[in-house]
Amino acid sequence: MNPKPKIAVHKFASCDGCQLAFLNAGEKFLELAQLVEIVHFVEAGMVAPDRPVDIAFIEGSISTPEHLDHIRAIRGHSRFLVTIGACATAGGIQALRNLADADEWIAGVYAQPRYIRSLATSTPVSHHVKVDFELWGCPVNTPQVMAAIRQLLFGVMPVDEHDKVCMDCKRSQTVCVMVTQGVPCMGPVTRTGCGAICPRFGRDCYACYGPAENANSLALGRRFEGLGLMPDAVARRFLFINNAAPVFAEAGRRWSGADD
Amino acid sequence: MDTILGPECMNSNEKIQGWMPRERFDELFGALSALGYTCYGPQVRDHAIVYARITSSGELPRGVTDAQQPGSYRLTHSEGGRWFDWANGPQALKPLLFAPRESLWRVARDAQGRLSFTPAAERPAKIALIGARACDLAALRLQDQHFLEGAYVDEAYAARRRNLLVVAVNCTRPASTCFCVSTGDGPRAASGFDIALTELDDGFVAEAGSPVGGEILGTLVFDAASRVQVKDADEAIAQGAQQQVRSLPSRNLRDVLFDNLDHPRWDDVAARCLSCGNCTSVCPTCFCHRETEEPQLDGTASGHLREWDSCFTQGHSYIHGLTVRAATRERYRQWLTHKLGSWHDQYGRSGCVGCGRCIAWCPVGIDIAEEATALHGGGK
Ligand code: SF4
Ligand code: SF4
Ligand code: SF4
Ligand code: SF4
């Protein structure tokens, strides 16, 4: 019998929330451990960052000089490299510093800024090494991660779920919050995967799953203006968890006046 | 007045019509549940009128009406406390029959590698839907045509359809987004119902549209409606028809659309459109779906899932290695040229029944009637 495929879960600049898609999976996590050998996953107690693996999951953005070396080393000994979450896939909320003077922020936040050594930018893994598949979300969820693993174990690339949140919102028979309440829902430009959880609880989507395919952020931004949002408020809808994703960054620049 | 209502409008005087006093309405729930039906009806939920499980008239949207505009739906108070004084909500009957998401079959692999397939066990409840509108019934007719009358019968749809009973309520207060008069589909429910009601202040004029509808009305032993009551009901519907402000430029836009595939309006609408699929999801006639696998983690079994899709998704036009309609311009053009164009070839009529849902529930308020008018050569 073939040896079990090996997987690793690595952490970069992140909150650790995406790793919970594994750790909170309950029985599924045990089932997974039957199917694969988990060789490195610090939060679960396995520490072997340098062992070659079949699938390396990367949580977190590239934010320090050490991260640059570390991510290249992982790429070198991983057959498939899959990013999990907004940080690894788009730079995360911490990429907001890309729009500001990072040193100034560090000086403003830390009493002893000289102990902080970070890059001026927070960037997605794909800016540094080849990424085979990206799982969006802040955080990613268990069914999403397990579905990707299952497909990789079948020997196929996972299906890229990139439709808009609106499609799942309607399939779940949720009444549209933007149309009935005039709140600035990001669903029409946001990638599905969460099951439209915010609209199902009566609030507007805030785009934690990043941009959907063919997202028309300019048309949605104009609609938000029509709903009465000031330009700055429109900009903040886009400059949030996935602020560095290009179509959101573009809308953000436009409504924050950075394009003028 | 009959000409306004269109040729499908029956002369109500030829029908036997009963009078259901308002305080006896709940007997209808009793009669339906005695026949084994679970009742669904309009209720206020999450700032809209939606069809949901209902057991008494107390749950109906009393004294509520809907103000609909492109991209906007608001409930407001309506004088007089009627129960059906609104036009429609985000969905017609479609989700009850063409499920937004359902498992069609399951496949499992045994230790020897043999595959076995099990169809989803479909034992649908008997559902009586109270409050269907004329446009909903016209759309139901089209969905029947699509799912039941082609070369392949859709089993899941058919099983639910057999168990559906429809109590229509004629529209007396269309929304500003309604244009069923122009498509010839309302506001009077012409056919496809078991019972049809028209609401007046103190009760309902009731008529049967099927043998079972007739039996139900028979068991309730209502008096015949008076000539005045019938006249008031007819006038209320006719007034509703006159209130409609929108229209399509023609009932058959097939040639106009296909002669204008390079019209600049397609670029104009593509700049506004979010390609979000809300229009197709609320449209009561749209039937596109996608099928995917939901494999179990250990890889030994998989559910075969069907769910609503839309011509506004990338996957809708994906064929190995190629997305035929990558841009919104092509996707919007597909929606309109199919709905208002090639439906005529496929189903003998346009796919639009004038319910206005795609106008109100479009997050950016794109108006199909306005777009069609512009493409037709007029409009803004
Ligand atoms: S609530 Fe948001 S996600 Fe849902 S349909 Fe409306 S705009 Fe789309
Ligand atoms: S195209 Fe729009 S107005 Fe026509 S039936 Fe569909 S949702 Fe209703
Ligand atoms: S389109 Fe016609 S039948 Fe449908 S809700 Fe409006 S008025 Fe009623
Ligand atoms: S027309 Fe409106 S509802 Fe339809 S895809 Fe475009 S933006 Fe969405």
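The values are calculated or read from the model by the stated rules, or taken from the named source; none is laboratory data. Because the structure is predicted, anything quoted here is derived from the model rather than measured. Note: ideal-geometry Cβ built from the backbone for every residue, glycine included; neighbour counts use all protein chains shown. What goes into the accessible areas is simple: the full protein's heavy atoms, side chains included, and nothing from ligands, DNA or RNA. Shrake-Rupley method; radii C 1.70, N 1.55, O 1.52, S 1.80 Å.
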Exposure of A:VAL183 as accessible area (Å², to 10), given a probe of 1.4 Å and all protein chains: 40 Å²
Rounded to the nearest 100 Å², what is the sum over both chains of accessible area buried where A meets B, with a probe of 1.4 Å? 3200 Å²
Report, in debye and to the nearest 20, how large the dipole of the stretch A:105-259 comes out about its Cα centre when Lys and Arg carry +1 and Asp and Glu carry -1 on their Cβ. 280 debye
How long are the semi-axes of the equivalent ellipsoid of the stretch A:6-154, taking √(5λ) for every eigenvalue λ of the Cα gyration tensor, in whole Å from largest down? 29, 15, 14
So the pair-distance distribution of the stretch B:58-189, from every Cα-Cα distance in 5 Å bins, comes to percents of 2, 9, 15, 17, 16, 13, 10, 7, 4, 3, 2, 2, 1, 0
If I fit a long axis through the Cα atoms of helix A:217-226 and take the longest principal axis of the Cα atoms of chain A, what angle between them do I get, 0 to 90°, rounded to 10? 40 degrees
Highest-fluctuation residue, B:ASP262, B:ASP298, B:ASP194 considered, GNM on chain B with Cα pairs under 10 Å: B:ASP298
With DNA, RNA and ligands ignored, accessible area of A:LYS6 (1.4 Å probe; Å², nearest 10): 50 Å²
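Please compute, over every Cα-Cα pair in the stretch A:165-256, the percentage with a separation greater than 17 angstrom.
42 percent
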Within the stretch A:180-223, which chymotrypsin sites (Phe, Trp or Tyr not before Pro) sit in a loop by DSSP and count at most 15 neighbouring Cβ atoms inside 10 Å? A:PHE201
Summarise the partner chain shielding of B:305-315 as one whole number: the mean count of Cβ atoms from other chains within 10 Å of each residue's Cβ. 4
Filter the chymotrypsin sites (Phe, Trp or Tyr not before Pro) in the stretch A:6-115 to those in DSSP coil with at most 15 other Cβ atoms within 10 Å of their Cβ, and list the result. A:TYR110
Where in the stretch B:112-203 are there trypsin sites (Lys or Arg not before Pro) that are in a DSSP coil and have at most 13 other Cβ atoms within 10 angstrom of their Cβ? B:ARG114
Alpha carbons only, please: Rg and Dmax for the stretch B:254-377, in angstrom. 16.2, 58
Taking every Cα atom in the stretch B:180-274, find the radius of gyration and the maximum pairwise distance Dmax, and write them in Å. 20.4, 60
Quarter of the surface of the C-alpha convex hull for chain A, i.e. direction-averaged projected area in nm², equals 15.7 nm²
Please check chain B for the longest run free of GluC sites (Glu not before Pro) that are loop-located per DSSP (anything but H, G, I, E, B) and have at most 13 other Cβ atoms within 10 Å. B:150-380
How big is the gap, in Å, between the Cα center of the stretch A:145-218 and the Cα center of the stretch A:1-27? 23 Å
For the pair B:THR55 and B:GLU23, what calculated FRET efficiency results from E = 1/(1 + (r/R0)^6), where r is the Cβ-Cβ distance and R0 = 22 Å, to the nearest 0.05? 0.85
What percent of all Cα-Cα pairs in the stretch A:83-197 falls in each 5 Å bin, counting up from 0? 2, 10, 14, 16, 15, 13, 11, 9, 6, 2, 0
Can you list the aspartates and glutamates whose alpha carbon is less than 16 Å from that of A:LYS130, not counting same-chain residues fewer than 8 positions off? A:ASP54, A:GLU59, A:ASP69
Describe numerically, in nm with one decimal, the distance between label points set 7 Å from Cα along Cα→Cβ at B:TYR152 and at A:TRP105. 5.3 nm
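Is there a pair in A:LYS28/A:LYS170; B:LYS94/B:LYS339; A:LYS164/B:LYS94; A:LYS11/A:LYS170 whose C-alpha atoms are over 24 Å apart, and which pairs would that be?
The pairs that break the limit, which is 24 Å between Cα atoms, are A:LYS28/A:LYS170; A:LYS11/A:LYS170.
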Multiply the residue gap between A:HIS70 and A:GLU37 by 0.36 nm, knock off their C-alpha separation, and tell me the result in nm, one decimal place. 9.7 nm
Volume of the Cα convex hull of the protein assembly as shown, divided per residue and given in Å³: 184 Å³
May I ask you to list the residues of the stretch B:226-268 whose amide nitrogen lies under 17 Å from a point 7 Å from Cα along the Cα→beta-carbon direction of B:SER342? B:253-262
Hey, could you get me the Stokes-Einstein D for chain B, Kirkwood radius over alpha-carbon pairs, 4 °C and 1.567 mPa s, rounded to whole µm² s⁻¹? 59 µm²/s
Pairwise centroid distance, computed over Cα atoms, of the stretch A:53-110 with the stretch B:40-118, Å: 44 Å
Using the Cβ atoms and a cut-off under 11 Å, what net charge is assigned to the surroundings of A:GLN19, where Lys and Arg are +1 and Asp and Glu are -1? -2
What percent does the relative contact order of the stretch A:165-256 come to when contacts are Cα pairs within less than 8 Å and at least six residues apart? 24 percent
Mean-square fluctuation check for chain B, GNM, Cα pairs under 10 Å: which of B:GLY81, B:GLY150, B:GLY356 is largest? B:GLY150
How far is helix A:246-256 tilted, in degrees, relative to the longest principal axis of the Cα atoms in chain A, given as a value from 0 to 90 rounded to the nearest 10? 30 degrees
